[in-house]
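The values are calculated or read from the model by the stated rules, or taken from the named source; none is laboratory data. Predicted model, so just to flag it, every value in this text is computed and none were measured. Note that we place each Cβ from the backbone using ideal geometry, even for glycine, and neighbour counts take in every protein chain shown.
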Amino acid sequence: WGPLGHSVVAELAQRHLSPAAKAEVAHLLALDHTTSLADIASWPDEIRDDPKQQDLWKQTRALHYIDFQGDCHYTPPRDCKNGQCVVEAIPHYLAILGDRSQSDEARLQALKFVVHFVGDIHQPLHANYQEDAGGNKYQVQFQGQGTNLHRVWDSGLLSTRKMDWKSYADMLDGEGAVPLPPSIAPYDNAAVLWAEESCQITRNIYPANHKIDQAYIDAELPVADTRLREAGRRLAEVLNLALQNG
Ligand code: DCM
Ligand code: DCM
Ligand code: DCM
Ligand code: ZN
Ligand code: ZN
C-alpha cells in the first residue's frame with residue numbers, strides 16, 4: 001500500500017488495542033515524539049526510498065512482499081529464501097517487539113516494521129504467484145494514463161474515494177460497518193495464512209484488456225477495503241498478544 005492504505009490499517013489497529021498494548025505502544029512512540037501508529041506506518045517505505053539511506057536499509061527491500069513460486073501454497077525455502085520475505089519478517093519483528101530485554105529503540109523499530117508489513121502482506125499483489133514482480137510488470141490504463149497494476153492496488157484504487165486516512169478508517173470501522181468474521185489462524189505463523197489469502201485474491205484481479213475502468217473499481221474497491229479491515233483487526237490482535245501483561 002501507499003501512505004493512505006498504511007495509515008488506514010494502522011489507525012484501525014490503534015482503535016482495537018488492548019489497554020496494555022495501547023500503553024506500551026504509546027511508550028515506544030514517545031521516543032519518536034509521535035502518538036499514533038498511523039504516523040509511523042510508512043516509515044519502512046521512506047527509509048527504503050531515501051537515496052541517502054538506501055545502502056543502510058538495502059536488506060529490508062525484499063521484506064515488503066513474497067513471490068510465491070508457482071502456486072499459492074507457502075513452501076519454504078522455495079518461496080522465502082533465507083527468511084527474506086514478508087511471511088518471515090512479521091514473526092521476526094514481532095519477537096523483537098515482545099522481548100522486553102531489548103532496547104526501546106530496537107523495539108520501536110520492530111513496531112514500525114510490524115505495522116507496515118502486516119499492511120503490505122494484505123495487499124494482494126504483495127503476495128503474488130505470477131512472475132511479474134507483484135504486478136509491477138503488468139501495464140494498465142487507469143484514469144487516462146499508463147501505470148501498472150501494482151501501483152493501482154497500492155494507491156490508485158484507494159485514492160478514488162478521495163478521503164483522508166481518518167475518514168477512511170471511520171468509514172470502514174464506524175457505525176453500520178458489516179462485522180468481520182472472527183479471524184482463525186490455523187497456522188503456527190498466521191502470516192502464512194494472510195499471504196496465501198492475498199495470493200488467492202490475485203487470481204481474480206487482473207483486468208480484462210489491461211483497462212482499469214469504473215466496473216473494475218466498483219468490483220475491486222470493496223475487496224481492497226476488506227483487506228484493509230482484516231489487516232487492521234489482525235495487526236491489533238498480534239500487537240495485543242506481543243504486548244500483553246507488561
Ligand atoms: N479492546 C479494548 N477496548 C475496546 C475494544 C477492544 O480493550 N473498546 C481490546 C479487546 C481485545 C482487542 O482490543 O483484546 C481486540 O478487540 P476487537 O475484537 O474489537 O478487535
Ligand atoms: N515520519 C513520517 N513522515 C515524515 C517524517 C517522519 O512518518 N515525513 C516518521 C518516521 C519515523 C518518525 O516519524 O518513524 C521519526 O523519524 P526519524 O526520527 O527517523 O526522523
Ligand atoms: N514489490 C512486490 N513484489 C515484487 C517486487 C516489488 O510486491 N516481486 C513491491 C515493493 C514495492 C513496489 O512493489 O511496494 C515497488 O517495488 P520496487 O520499488 O522494488 O520496484
Ligand atoms: Zn506495493
Ligand atoms: Zn512496503
task: Count, please, the residues in region 51-70 that happen to be touching a helix residue (DSSP H, G or I) at 6+ places or on another chain (Cβ under 8 Å) and outside any helix (DSSP H, G or I).
output: 4
task: May I ask you to say which residue of Val115, Val8 is over 23 Å from Gln244 (Cβ atoms), within 16 Å of ligand 4 (Cβ to nearest atom) and either surrounded by 14 or more Cβ atoms within 10 Å (Cβ to Cβ) or without any contact (Cβ under 8 Å) to a residue 12 or more places away in the chain (or both)?
output: Val8
message: Given (1) at positive phi; (2) away from ligand 5 (no atom under 11 Å from the Cβ); (3) in contact with a strand residue (DSSP E or B) (Cβ under 9 Å, 6 or more places away or on another chain), identify the lone condition not met by Gly134.
response: (2)
message: Of all residues being hydrophobic (A, V, I, L, M, F, W, C) and not in a helix (DSSP H, G or I) in region 116-169, which is farthest from ligand 3 (Cβ to nearest atom)? Just the residue, please.
response: Met163
query: When the residues of region 170-206 are filtered to those that are outside any helix (DSSP H, G or I) and among the small types (Gly, Ala, Ser), which remaining residue is farthest from Phe117 (Cα to Cα)?
result: Gly176
task: Show the residue pairs that are 6+ apart or on different chains and have beta-carbon atoms under 9 Å apart, the first residue being within region 25-53 and farther than 16 Å from Trp165 by Cα, the second being of a type in the set (Ser, Thr, Tyr) and within 16 Å of ligand 4 (Cβ to nearest atom).
output: Pro44/Thr60; Ile47/Thr60; Arg48/Thr60
message: For the list (1) surrounded by 15 or more Cβ atoms within 10 Å (Cβ to Cβ); (2) out of contact with any helix residue (DSSP H, G or I) (no Cβ under 6 Å at 6 or more places or on another chain), I need the number of the one condition that Tyr74 fails.
response: (2)
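Results for (1) modelled with pLDDT of 95 or more; (2) within 16 Å of ligand 1 (Cβ to nearest atom); (3) out of contact with any helix residue (DSSP H, G or I) (no Cβ under 6 Å at 6 or more places or on another chain); (4) within 26 Å of Tyr206 (Cβ to Cβ), shown as yes or no for each residue.
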| position | (1), (2), (3), (4) |
| --- | --- |
| Asn82 | yes, no, yes, no |
| Arg107 | yes, no, no, no |
| Val118 | yes, yes, no, yes |
| Val140 | yes, no, no, yes |
| Gln143 | yes, no, yes, yes |
| Val152 | yes, no, yes, yes |
| Asp170 | yes, yes, yes, no |
| Ile184 | no, yes, yes, no |
